[in-house]
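S.K.: Before anything else, here's the structure in question.
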Amino acid sequence: MRFGSQRRLDDGVLERDFTLGEIPGLLWTPASAPAPLILLGHPGGLRGMYPRLAARARHCAAEGFAAATIELPGGGERPRSATAERARADLRRALDAGGPVDDGIIDRLVLPLVDQAVPEWRAALDALLPLPEIGGPVGYSGGVIGIGVRLAVVEPRISAALLFAGSFVPRALIEQARQVTIPLLVLLQWDDEGNDRQQALDLFDAFGSEEKTLHANTGGHTGVPPFEGDDANRFFARHLR
């Protein structure tokens, strides 16, 4: 991990750019370090997602949490996958036609992304946790939900997860969800035009966690109510302190 530029935000949060090998990332730490760490998942494109990611990170910092994120495979300036691009085009055609999305399309789009992204997130944890500003434990917050599911299964350093049910999930990952045992909070936008509501409900039902909570709100993909950020902080405060 190599750190680049840094700046102190007006609320005292320190924001730093870093690269993990060739993967760009961002780290936000509150003044009250060392702090538990929340990994901020997102659909890719750090530059375009920056305003939302920074707002989420600063909300975390207000509760005393550090936050970090990395660019997804194929996102931003990272190399594109021809297979993923074809699958994405097939998905758009299926959605535009108003028909069901074939499982094969979902598998081609999501499974390779999960297979590549999860080891990168784990490598980021390897590099971040030794920093003096980070005190552990670790939470995961966001999407792509398939990445969050796999991380919750294979990464023992993650103690709790807030998952955004806003993307399609391969059936193989729904089966893996039965192995998830950490506390979960799942956000579902009931009218999300790019998501399969029933599939999200099936995934929630499959999770093996004793503590799992579903918050369903009316509205589209980007219409998550602001109060969910406060609920997220309370959820992580219960499990990361």
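Here's the yes/no breakdown for (1) crowded, with 22+ Cβ neighbours inside 10 Å; (2) within 18 Å of residue 210 (Cα to Cα):
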residue: 128; (1), (2): yes, no
residue: 137; (1), (2): no, no
residue: 146; (1), (2): yes, no
residue: 152; (1), (2): yes, yes
residue: 163; (1), (2): yes, yes
residue: 166; (1), (2): no, no
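S.K.: Further question: Please verify whether residue 3 is farther than 21 Å from residue 230 by Cα, at pLDDT 95 or above and touching a Gly at 6+ places or on another chain (Cβ under 6 Å), treating the condition exactly as stated. Steps first, please.
M.R.: On the way: farther than 21 Å from residue 230 by Cα: yes; at pLDDT 95 or above: yes; touching a Gly at 6+ places or on another chain (Cβ under 6 Å): no.
Spelling it out, it is not the case that residue 3 is farther than 21 Å from residue 230 by Cα, at pLDDT 95 or above and touching a Gly at 6+ places or on another chain (Cβ under 6 Å).
S.K.: May I ask you to verify whether residue 209 is outside any helix (DSSP H, G or I), more than 25 Å from residue 62 (Cα to Cα), polar (S, T, N, Q) and within 16 Å of the chain's Cα centre (by Cα)?
M.R.: In short, no.
S.K.: Turning to a different aspect of this structure: List pairs: first residue in segment 1-30 and outside any strand (DSSP E or B), second residue β-branched (Val, Ile, Thr) and modelled with pLDDT of 95 or more anywhere in the structure, Cβ distance under 8 angstrom, at least six positions apart or on different chains.
M.R.: Partner pairs satisfying both residue conditions: 1/19; 13/29; 30/13.
S.K.: Going residue by residue through segment 6-13, is there one that turns out to be modelled with pLDDT under 95, buried (at least 16 other Cβ atoms within 10 Å of the Cβ) and either of a type in the set (Ser, Thr, Tyr) or touching a Phe, Trp or Tyr at 6+ places or on another chain (Cβ under 6 Å) (or both)?
M.R.: no
S.K.: Hey, can you tell me all the residues within segment 43-64 that are assigned to a loop (DSSP other than H, G, I, E, B), within 16 Å of residue 228 (Cβ to Cβ) and not charged (D, E, K, R)?
M.R.: none
S.K.: Only one of 101, 110 is at pLDDT 95 or above, surrounded by 13 or more Cβ atoms within 10 Å (Cβ to Cβ) and either closer than 22 Å to residue 127 by Cα or not hydroxyl-bearing (Ser, Thr, Tyr) (or both). Can you tell me which?
M.R.: 110
S.K.: Taking residue 185 as the residue in question, decide whether it is in contact with a helix residue (DSSP H, G or I) (Cβ under 7 Å, 6 or more places away or on another chain) and under 21 Å from residue 206 (Cβ atoms).
M.R.: On the way: in contact with a helix residue (DSSP H, G or I) (Cβ under 7 Å, 6 or more places away or on another chain): yes; under 21 Å from residue 206 (Cβ atoms): yes.
So residue 185 passes the test.
The values are calculated or read from the model by the stated rules, or taken from the named source; none is laboratory data. Remember, it's a predicted structure, so these values are computed and weren't measured experimentally. Glycine gets a Cβ as well: all are built from the backbone with ideal geometry, and neighbour counts include every protein chain shown.
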